[in-house]
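Chemist: Please read through the structure below; I'll follow up with questions.
The values are calculated or read from the model by the stated rules, or taken from the named source; none is laboratory data. Quantities reported herein were computed from a predicted structural model and do not represent experimental measurements. Cβ placement follows ideal geometry from the backbone for every residue including glycine, while neighbour counts extend to all protein chains displayed.
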Amino acid sequence: MANIDEEWPLAVLFFPPIAFMRAIILLLRFGGSTIAFGSDLSNSLILMFCTGSVFLVIGPYLHAVLPGQQGTGIVSHPLFCCSKRWWAKSCGRLKVEPSGRAITASLLTPPGGDDDEEHGLVYHEDPDVAQERERVSHTAPSNVPILINSLRKVYQGGYSSTAKVAVDNFCLVVDPGETFGMLGSNGAGKTTVLSCLAGNIEPTAGEAFIGGYSTATELDYVYKLLGVCPQFDVVHTDLTVETHLQFYARCKGVSPERLAAEVMITANKVGLSGDAFGTPAGELSGGMRRRLSLGIALLGNAPVVLLDEPTTGLDPDTRRSIWDIIHAERVNAGRSMIITSHNLEEVDVLCSRIGIMTHGRLQCVGTPQHLKDRFGGGFRLGITLHEKSHAARVDAFVKESLTARATRTSLINTSVMYNLPREHVSLADVFARMEDAHHNHLVQFWEVSQTSLEEVFIRVVENDETQDD
Ligand SMILES: Nc1ncnc2c1ncn2[C@@H]1O[C@H](COP(=O)(O)OP(=O)(O)OP(=O)(O)O)[C@@H](O)[C@H]1O
Ligand SMILES: [Mg+2]
């Protein structure tokens, strides 16, 4: 290493940390007396300024054009700064109107494209899903709050795993004021769809629009319309509830004059305006953190809200109060929402339409009643026997008096369950015959109910597994 008093080679001063260290040493040792042009001190300062300026440009450029891990973040074209649009936007001269273009039918291909055909796989698309795809093709993105067109996401595998198709040709339109429920088994691709909508990850193919703005190219505008409650709470343990709400409200463009009122209204909405208001997030219970995440999503009157499993892990009481909040937001504020959940009662209560996903594909879509009619087996008849040994007699009674098509779905101790196909029974007959059986002491208790969403879900998932086999 060169002596501290000798001049250092110019090349090493190109490294800003070395130039900085050299400049500090010289300043401490000789003060400003060595600053003459061409001296080591002036060279260090000039080179620090030049390299710093270059890094200031290269850093944001690489951030914009390189994807994060597994394609997270939206990646710009390498020549993005050559476009007129970028310069106009950077100079604040661009006023973007919603893209508003109708989607061309050629973009819309049913799942299982050429790849699957090559591998001998034939995918039969559900008629309702095909109709939704058709609807997407005729809808201008600016006319609806959420439009997803042929979305596909493939996660590239690491050294030890192969690429994973997480979402495959997913199409959906959400109408104004609609709450859409997205169901699916673990790993079905729900979070991936929401992450593409929120601009957290870049889709491999397809496009998505929020309020007519593309989530790929108009993310700045998308953020102003969007509230997101992620599956896992993202809170800063040292910040209080109040500070969280203030911070996110400012990020969403709430003006300083309205800030305090907006924060208080939101804290009230999610039940965090009491003692919890000044408590650091690290000291909140899991349910309270979930409320905080929900509050952050609802801040700033975002017209579109994405809620990823908003009530997972909550006690029944808290869960119901969150249902009330979500319901009120739809009815009073007219927000459009997508909710994912594993709680089928939740989507049945909150959502006007439901879609069930498996293996990244939408398997069925429609109102809860429509799905129950299409995929449910009809009615469920539950009977409590006086003794388990009466099961055979009751079996014969149900088949002879109600319908020969009745199928016994379970027999546990004295409790037996039948499935009655809707088209082969009349409810009036079932009531009359079962009342007779009760009076004749053949059965102890009985009940009849409609197929639940849970049965629909299990049937749809099982159907998909059989198709795959
Ligand atoms: N960063 C990632 N890298 C690789 N694969 C991923 C990544 N994130 C998700 N996946 C895979 O993509 C598929 C879909 O995952 P996703 O989280 O969207 O499912 P999900 O329906 O939200 O499941 P859950 O109900 O468990 O939350 C899964 O098979 C998952 O393993
Ligand atoms: Mg998920």
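Chemist: From (1) at pLDDT below 90; (2) more than 16 Å from ligand 1 (Cβ to nearest atom), pick out the condition that doesn't hold for Lys164.
Modeler: (2)
Chemist: Then there is this: Among the numbered conditions (1) touching a residue at least 40 places away in the same chain (Cβ under 8 Å); (2) of a type outside the set (Gly, Ala, Ser); (3) under 22 Å from Glu462 (Cβ atoms), tell me where Arg335 comes up short.
Modeler: The number of the failed condition is (3).
Chemist: Among the residues of the stretch 173-190, which ones are near ligand 2 (Cβ under 10 Å from one of its atoms) and either without any contact (Cβ under 8 Å) to a residue 24 or more places away in the chain or surrounded by fewer than 23 Cβ atoms within 10 Å (Cβ to Cβ) (or both)?
Modeler: Result: Asn186, Gly187.
Chemist: Okay, next question. Give Val234, Val228 a once-over and let me know the one that is within 16 Å of ligand 2 (Cβ to nearest atom) and either at pLDDT 95 or above or in a strand (DSSP E or B) (or both). Give the steps one after another, and end with the answer.
Modeler: Details: Val234 fails: either at pLDDT 95 or above or in a strand (DSSP E or B) (or both).
One residue alone meets the criteria, Val228.
Chemist: Can we say Glu202 is surrounded by 17 or more Cβ atoms within 10 Å (Cβ to Cβ) and either of a type outside the set (D, E, K, R) or within 16 Å of Ile338 (Cα to Cα) (or both)?
Modeler: no
Chemist: Quick one: which of Val398, Val461 is at pLDDT 90 or above and either among the aliphatic types (A, V, I, L, M) or touching a Cys at 6+ places or on another chain (Cβ under 6 Å) (or both)?
Modeler: Numbers: Val461 fails: at pLDDT 90 or above.
After applying the criteria, what remains is Val398.
Chemist: Still on this structure, I have one more. Out of (1) farther than 24 Å from Glu462 by Cα; (2) surrounded by fewer than 17 Cβ atoms within 10 Å (Cβ to Cβ), what's the single condition that is false for Lys164?
Modeler: Against the list (1) farther than 24 Å from Glu462 by Cα; (2) surrounded by fewer than 17 Cβ atoms within 10 Å (Cβ to Cβ), Lys164 comes up short only on (1).
Chemist: For the condition surrounded by 15 or more Cβ atoms within 10 Å (Cβ to Cβ) and in contact with a Cys (Cβ under 9 Å, 6 or more places away or on another chain), what is the one hit in Met337, Met357?
Modeler: Working: Met357 fails: in contact with a Cys (Cβ under 9 Å, 6 or more places away or on another chain).
Answer to the selection: Met337.
Chemist: Of the conditions (1) modelled with pLDDT of 90 or more; (2) over 14 Å from Ala297 (Cα atoms); (3) of a type outside the set (Ser, Thr, Tyr); (4) crowded, with 19+ Cβ neighbours inside 10 Å, Glu218 fails just one. Which one is it?
Modeler: Condition not satisfied by Glu218: (1).
Chemist: While we're on this one: Can you name the residue in the stretch 309-330 that is of a type in the set (Asp, Glu) and out of contact with any Gly (no Cβ under 7 Å at 6 or more places or on another chain) and is also nearest to ligand 1 (Cβ to nearest atom) among such residues?
Modeler: The residue in question is Glu309.
Chemist: Any residue in the stretch 191-202 that is more than 16 Å from ligand 2 (Cβ to nearest atom) and not polar (S, T, N, Q)?
Modeler: The answer is yes; a qualifying residue exists.
Chemist: Restricted to the stretch 340-398, and to residues that are polar (S, T, N, Q) and closer than 19 Å to Thr311 by Cβ, which residue is nearest to the chain's Cα centre (by Cα)? Even if it seems obvious, please write down each step before you answer.
Modeler: Within the stretch 340-398, the subset polar (S, T, N, Q) is 340-341, 343, 352, 358, 363, 367, 369, 384, 389.
Subsequent filtering for residues that are closer than 19 Å to Thr311 by Cβ retains 340-341, 343, 352.
Values: Thr340: 7, Ser341: 10, Asn343: 15, Ser352: 17 Å.
The qualifying residue nearest to the chain's Cα centre (by Cα) is Thr340.
Chemist: Can you tell me which residues in the stretch 183-225 are in contact with a strand residue (DSSP E or B) (Cβ under 7 Å, 6 or more places away or on another chain), more than 13 Å from ligand 1 (Cβ to nearest atom) and part of a loop (DSSP other than H, G, I, E, B)?
Modeler: Selection gives Gly211, Thr215, Ala216.
Chemist: Arg374 is checked against (1) under 21 Å from Gln131 (Cα atoms); (2) crowded, with 19+ Cβ neighbours inside 10 Å; (3) among the basic types (Lys, Arg) and fails just one. What number does that condition carry?
Modeler: With respect to (1) under 21 Å from Gln131 (Cα atoms); (2) crowded, with 19+ Cβ neighbours inside 10 Å; (3) among the basic types (Lys, Arg), Arg374 is out only on (2).
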